[in-house]
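Asker: Supplied in structure tokens, the structure appears directly below.
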Amino acid sequence: MTDVLSLVRQALAPFLVRQKWWLAFSGGLDSQVLLHLLWRLREEAHAAKAPFPALYAIHINHQLQLPASEWVAHCQRQCDAYAIPLVVRVVDVADVGRGVEAAARDARYHEFAEVLAGGDVLFLAHHLDDQAETLLLRLLRGAGVTGLAAMPSNRRLGAGELFRPLMGVARSSLEAYAEEYQLSWVEDPSNTDTHYRRNFLRQRIMPLLAEHWPDYRAGFGRAARLQADAAQLLDEYIGADLLALIDDNASLDLRSLAKLSEIRQRAILRQFIIQGSGLALSSAQLDTIVRQFSAARSDSRPEFRLAGGGVLRAYRQRLFCERVLQGLALQEREWRIERRMVIAGVGCLSAEPEGDFMPRGPLQIRFRKGGERCHLVGESHSRSLKKLLQEWKIPPWQRETLPLIYCNGELAAIAGLAICEGYRAQLGESGWNLNWEPEALT
């Protein structure tokens, strides 16, 4: 029988320096076994008077099954028995067209990310059978290299990290372990419903594969690792291409992109969109984007709407991936310059000492209303703010959400862009450096 404890001990050794470990605990067989393994490792460390991270469990109640509250009670009893604190999060799962499973997963991972602090690690109990099923499902969907890498062993999640220590362990070994230690767990009745594609594979297809290829799990696991290596290598090459095409405002040079082959254009756009929105688009969507933006005239402003409130926009032959901002209205707000001001859905305004901006009275923040004029430092007269923003090549949709900094009702600075006459620090004055960070889409 596979020595599961030894495998997990070896897998988790690099994480012993972390302050806090979390376990995603559903109460099912897989996470029940992992809970027991983590408890045993903690007991070993305590017996040896060795340091060990603080251990917590988190259970997500999706409210999708009638016995959901019973599962919460089961998880609480198990964690109490092992003296492991349990955090329970209740979520509302809204299916927005991608299916209940996908919606539940999104809600679950959102809660996981919320609970993780910097340096924390979250353990998930996915195993070798899960990886084989994921690979086959993605192959049936026609996934590319990145998709066929299936589930990564570890990745960033929120401020912390996610790790799957059982990825090299078959479910049969977990079942044997649970029987040996007489563990109890909950059974999700939906796991037998072959209406769900994963369950159909698990109940109908995988047993047939095992008849002729008993080691198919290990083979699928190797294939996923090879695809992950290929995907990482591809990302490194494409990342270098992307870096050469992006400027300081995170927009993409469409003229230079158009000089590359279409397959390379799609790969670069895919990476650009992932960085800007976190979305991985299909090949058909990428083909549409390539056609739409590569053929755009320099004076046109095509758009492509993304899921999650994002949009691709072209301006002056550069491509922007940004959040859709609708119906924003900013009432005039007082600003104490030593404090960061977060404008929800727009960005963050802050200031650091020893800069060129010198406030000369109470400050207020506004958005553009139209008709504003700005007398820039060093110029003899004021000019239209609209004209200045055009000269600075600020995309039209960004002009409406640039914070304008007023002092006693007079325009004193345009955040991150310019300082107006009379508000520049003079010799002997200690001014401020203004920083404007637009909110990232993700």
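Asker: Kindly indicate whether any position in the stretch 54-73 is touching a strand residue (DSSP E or B) at 6+ places or on another chain (Cβ under 7 Å), open to solvent by 40 Å² or more (accessible area, probe 1.4 Å) and not aliphatic (A, V, I, L, M).
Answerer: Yes.
Asker: Something else: Would you mention how many residues in the stretch 25-44 are among the polar types (S, T, N, Q) and modelled with pLDDT of 95 or more?
Answerer: As a first pass, look at the stretch 25-44 and keep what is among the polar types (S, T, N, Q): 26, 31-32.
Going one step further and asking which of them are modelled with pLDDT of 95 or more, we end up with 31-32.
The qualifying residues number 2.
Asker: Considering every residue within the stretch 392-402, establish whether at least one is touching a Leu at 6+ places or on another chain (Cβ under 9 Å), within 20 Å of Arg333 (Cα to Cα) and outside any loop (DSSP other than H, G, I, E, B). Lay out the reasoning, then the answer.
Answerer: Pass one, the stretch 392-402, residues touching a Leu at 6+ places or on another chain (Cβ under 9 Å): 392, 394, 396-402.
If we keep only those that are within 20 Å of Arg333 (Cα to Cα) as well, we get 398-402.
Add one more test, that the residue is outside any loop (DSSP other than H, G, I, E, B), and what stays is 398-399.
Yes, there is a match, as at least one residue in the stretch 392-402 is touching a Leu at 6+ places or on another chain (Cβ under 9 Å), within 20 Å of Arg333 (Cα to Cα) and outside any loop (DSSP other than H, G, I, E, B).
Asker: Which ones in the stretch 403-422 are within 16 Å of Glu379 (Cβ to Cβ), more than 40 Å from the chain's Cα centre (by Cα) and assigned to a loop (DSSP other than H, G, I, E, B)?
Answerer: Here is the first cut: in the stretch 403-422, the ones within 16 Å of Glu379 (Cβ to Cβ) are 410-414, 417-422.
If we keep only those that are more than 40 Å from the chain's Cα centre (by Cα) too, we end up with 410, 421-422.
Scanning the stretch 403-422 gives Glu421, Gly422.
Asker: Same structure, new question: From the list Leu260, Leu183, Leu201, pick out the single residue that is farther than 30 Å from Gln65 by Cβ and either out of contact with any helix residue (DSSP H, G or I) (no Cβ under 6 Å at 6 or more places or on another chain) or not hydroxyl-bearing (Ser, Thr, Tyr) (or both).
Answerer: Leu260
Asker: Does Ala102 qualify as being over 19 Å from Leu174 (Cβ atoms), modelled with pLDDT under 95 and not charged (D, E, K, R)?
Answerer: On the way: over 19 Å from Leu174 (Cβ atoms): yes; modelled with pLDDT under 95: yes; not charged (D, E, K, R): yes.
Yes; evaluated as a whole, the condition is true for this residue.
Asker: I've got another one for you. Would you say Ser172 is surrounded by fewer than 18 Cβ atoms within 10 Å (Cβ to Cβ) and modelled with pLDDT of 90 or more? Walk me through how you get there before you give the answer.
Answerer: Details: surrounded by fewer than 18 Cβ atoms within 10 Å (Cβ to Cβ): yes; modelled with pLDDT of 90 or more: yes.
When the stated conditions are applied, Ser172 passes them.
Asker: Within the stretch 264-289, count every residue that is of a type in the set (A, V, I, L, M), over 26 Å from Leu157 (Cβ atoms) and surrounded by fewer than 17 Cβ atoms within 10 Å (Cβ to Cβ).
Answerer: Total satisfying the criteria: 1.
Asker: Still on this structure, I have one more. Among Glu161, Glu111, Glu101, Glu180, which is the only one that is of a type in the set (Asp, Glu), surrounded by fewer than 15 Cβ atoms within 10 Å (Cβ to Cβ) and either closer than 24 Å to Gln203 by Cα or out of contact with any Phe, Trp or Tyr (no Cβ under 8 Å at 6 or more places or on another chain) (or both)?
Answerer: Details: Glu161 fails: surrounded by fewer than 15 Cβ atoms within 10 Å (Cβ to Cβ); Glu111 fails: surrounded by fewer than 15 Cβ atoms within 10 Å (Cβ to Cβ); Glu101 fails: surrounded by fewer than 15 Cβ atoms within 10 Å (Cβ to Cβ).
Going through Glu161, Glu111, Glu101, Glu180 in turn, the sole match is Glu180.
Asker: Sticking with this one: Counting just the residues of the stretch 43-53 that are in a loop (DSSP other than H, G, I, E, B) and at negative phi, which one comes out least open to solvent (accessible area, probe 1.4 Å)?
Answerer: Restricting attention to the stretch 43-53, the residues satisfying the condition of being in a loop (DSSP other than H, G, I, E, B) are 48-53.
Next, only the ones that are at negative phi stay: 48, 50-53.
Working: Ala48: 73, Ala50: 42, Pro51: 117, Phe52: 42, Pro53: 7 Å².
Checking each candidate, the answer is Pro53.
Asker: Could you list, in sequence order, all residues of the stretch 331-357 that are open to solvent by 40 Å² or more (accessible area, probe 1.4 Å) and in a loop (DSSP other than H, G, I, E, B)? Step through it out loud before you land on a result.
Answerer: First, the residues of the stretch 331-357 that are open to solvent by 40 Å² or more (accessible area, probe 1.4 Å): 331-334, 336, 338-340, 342, 344, 352-354, 356.
Selection gives Gln331, Glu332, Arg336, Glu338, Arg339, Arg340, Ala344, Asp356.
Asker: Residue check: is Ala81 modelled with pLDDT of 95 or more, open to solvent by 70 Å² or more (accessible area, probe 1.4 Å), closer than 20 Å to Ser26 by Cβ and not aromatic (Phe, Trp, Tyr)? Reasoning before the result, please.
Answerer: Working: modelled with pLDDT of 95 or more: yes; open to solvent by 70 Å² or more (accessible area, probe 1.4 Å): yes; closer than 20 Å to Ser26 by Cβ: yes; not aromatic (Phe, Trp, Tyr): yes.
For Ala81, the condition - modelled with pLDDT of 95 or more, open to solvent by 70 Å² or more (accessible area, probe 1.4 Å), closer than 20 Å to Ser26 by Cβ and not aromatic (Phe, Trp, Tyr) - is met.
Asker: Hey, another quick one. Against the definition (farther than 30 Å from Pro85 by Cα, touching a Lys or Arg at 6+ places or on another chain (Cβ under 6 Å) and open to solvent by less than 70 Å² (accessible area, probe 1.4 Å)), how does Gly142 come out, yes or no? Break it down into steps so the answer makes sense when it comes.
Answerer: Values: farther than 30 Å from Pro85 by Cα: yes; touching a Lys or Arg at 6+ places or on another chain (Cβ under 6 Å): no; open to solvent by less than 70 Å² (accessible area, probe 1.4 Å): yes.
No; evaluated as a whole, the condition is false for this residue.
Asker: I've got another one for you. Scan the stretch 383-400 for residues that are modelled with pLDDT of 85 or more and either surrounded by 15 or more Cβ atoms within 10 Å (Cβ to Cβ) or of a type in the set (Lys, Arg) (or both) and report the count.
Answerer: Qualifying residue count, the stretch 383-400: 6.
Asker: A further question on this structure: Give me the residue from the stretch 116-133 that is at pLDDT 95 or above, in contact with a Phe, Trp or Tyr (Cβ under 8 Å, 6 or more places away or on another chain) and farther than 10 Å from Lys20 by Cβ and, out of that set, surrounded by the fewest Cβ atoms within 10 Å (Cβ to Cβ).
Answerer: Leu124
Asker: Residue check: is Trp22 open to solvent by 60 Å² or more (accessible area, probe 1.4 Å), in contact with a strand residue (DSSP E or B) (Cβ under 9 Å, 6 or more places away or on another chain), modelled with pLDDT of 95 or more and of a type in the set (A, V, I, L, M, F, W, C)?
Answerer: On the way: open to solvent by 60 Å² or more (accessible area, probe 1.4 Å): no; in contact with a strand residue (DSSP E or B) (Cβ under 9 Å, 6 or more places away or on another chain): yes; modelled with pLDDT of 95 or more: yes; of a type in the set (A, V, I, L, M, F, W, C): yes.
The answer is no for Trp22.
Asker: Just need a number here: residues in the stretch 231-263 that are farther than 21 Å from Pro302 by Cβ, surrounded by fewer than 16 Cβ atoms within 10 Å (Cβ to Cβ) and not aliphatic (A, V, I, L, M).
Answerer: 6
The values are calculated or read from the model by the stated rules, or taken from the named source; none is laboratory data. Computed from a predicted structure; not experimentally measured. Positions of Cβ are backbone-derived with ideal geometry, glycine not excepted, and every protein chain shown enters the neighbour counts. Ligands, DNA and RNA are stripped out before the accessible areas are found, and what is left, the full protein with its side chains, is counted by its heavy atoms. Shrake-Rupley method; radii C 1.70, N 1.55, O 1.52, S 1.80 Å.
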